1. How about region 228-330: which helices (runs of 4 or more DSSP H) wholly inside it have at least 3 residues that are free of Cβ contacts under 8 Å to residues at least 12 places away in the same chain and more than 30 Å from residue 346 (Cβ to Cβ)?
2. Does any residue in region 4-20 that is closer than 20 Å to residue 227 by Cα come within less than 7 Å, Cβ to Cβ, of a residue that is part of a helix (DSSP H, G or I) and among the basic types (Lys, Arg) six or more places away or on a different chain, and which pairs are these?
3. Please work out if residue 210 is at pLDDT 85 or above and β-branched (Val, Ile, Thr).
4. Among the residues of region 369-380, which ones are among the hydrophobic types (A, V, I, L, M, F, W, C) and either touching a helix residue (DSSP H, G or I) at 6+ places or on another chain (Cβ under 8 Å) or outside any helix (DSSP H, G or I) (or both)?
5. Regarding region 158-177, can at least one residue be identified that is of a type in the set (S, T, N, Q), at pLDDT below 85 and surrounded by 10 or more Cβ atoms within 10 Å (Cβ to Cβ)?
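The values are calculated or read from the model by the stated rules, or taken from the named source; none is laboratory data. Note that the structure is predicted; figures quoted are calculated from it, not measured. Because the Cβ atoms are built from the backbone with ideal geometry, glycine has one as well, and the counts that use them run over all protein chains shown.
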Amino acid sequence: MKHNLGVVLRFEFFQQIHKKSFRITTGILLAAICFLVAAPVLFHSYFESPAESGNYEQAGNPDDHADYSPFPGGVVYEDSTYRDLLPFAGEHVYTNEEQLVQAVEDGTEPVGFVILDPTHVRTIFANYSLNSSSEVSGLLSAMQEIHTTQQLQKLGVPAQEYMAIQNDAVQNEEVILGKDTTSQYITGFVFIMLVYMVVLIYGQFAAVSVAREKDSKTMELLITTTRPDALILGKVFAVIAVVLLSLALYLGCAAIFFLLLKGLYPAALLAFLSANVSTSMLGVYLLYFTLALILYMFLFASLGSTVSKVEDVSSAVAPVTFLMIFGYALAFPAMSGTDNLFIRIASWIPFFSVLLMPIRFANAAASLPVILLSTVVNAAFTAWLAYISIRIYRWGALTYGNKRNFVGILKEVFAKK
């Protein structure tokens, strides 16, 4: 009975999946996935032909739309050059700058334009934000086009010839000898976000579960009937089984809905998905997702056994949380194609490798042999870490008192044979 790992695993697994919170969360996420997969069909016109708005050329003749203005805000013409050329509706034209300032201040106009001369505009904002510059760009572009046309007329150059030259753009033909790694950005982003959230959420859960058993003295009863290594292995593998089961449900649901609705998807979106979703790449992501789960779950569970009170769990697992956050921060420049010496070295450190190595493989910075070698290194390190975690758990099961630092715990663990 002391070696009955299967009993512990089944108990922990069914205890978690029978929780009401698990069923509700799973149901909500499955519904959300179904909606996301069906969204391209429900909003077909959006995916097929994105709406265009605010285009000056589509505004039509200003005389046909006297109450329409393609530019936000009001205007004062200190220079009359543009008075009949810019399509500002009559109610947005002010006689002097003072009136315009008052209109901006009281919110009648979101922005004010004072046209001083053909190449000089003063812009008045009530408040300035990141979106404020976009309110000005349309007017500046229109004024630039009008000014260019007028200057060409003075020089005797037909505007049509100038526009023809402008539209005769230099053609660039790209030849990619390897693979286009830009298409892997989205899948890489989903991967690191998934690993980050799952590891922290379920890792905290595992640590709290162990600490609660110790706090309530339940652990003392458990270790009289089951070996400590069976207890921690059962807990860790049960958490991993629950996560993988959830992931299989989500992926299966998405795949079924996609196959049912694939014929209704816009062609452009299908081409995009074909470029971004690779079966081999998904396999690498799934492999390293599992390695990350095993590695970090052992750490969280073992550190949970080193505290005597549940409220001390957060401080006990803080170093592991920091490792995860640091790996997460490293993954973002790697996704953008950065592959400097620091990233390459970090990708061989198992705590970070589970995030960085799949990203490097997706960006063609790591070859298949490198991935295979990295997998072996990670598996060996995880096995060694599991051994360390079992020793820590065995030590912490019956050790109470003040919280110790991690180095002190390791000294005590390996001092006892």
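1. In region 228-330, 228-261, 267-276 are the helices (runs of 4 or more DSSP H) which contain 3 or more residues that are free of Cβ contacts under 8 Å to residues at least 12 places away in the same chain and more than 30 Å from residue 346 (Cβ to Cβ).
2. 12/235
3. No; evaluated as a whole, the condition is false for this residue.
4. Within region 369-380, 370, 371, 377, 379 qualify.
5. No, because not a single residue in region 158-177 is of a type in the set (S, T, N, Q), at pLDDT below 85 and surrounded by 10 or more Cβ atoms within 10 Å (Cβ to Cβ).
This table checks each residue for (1) modelled with pLDDT of 80 or more; (2) under 30 Å from residue 390 (Cβ atoms); (3) loosely packed, with under 12 Cβ neighbours inside 10 Å.
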position: 10; (1), (2), (3): yes, yes, no
position: 20; (1), (2), (3): yes, no, yes
position: 26; (1), (2), (3): yes, no, no
position: 33; (1), (2), (3): yes, no, no
position: 44; (1), (2), (3): no, no, no
position: 49; (1), (2), (3): no, no, yes
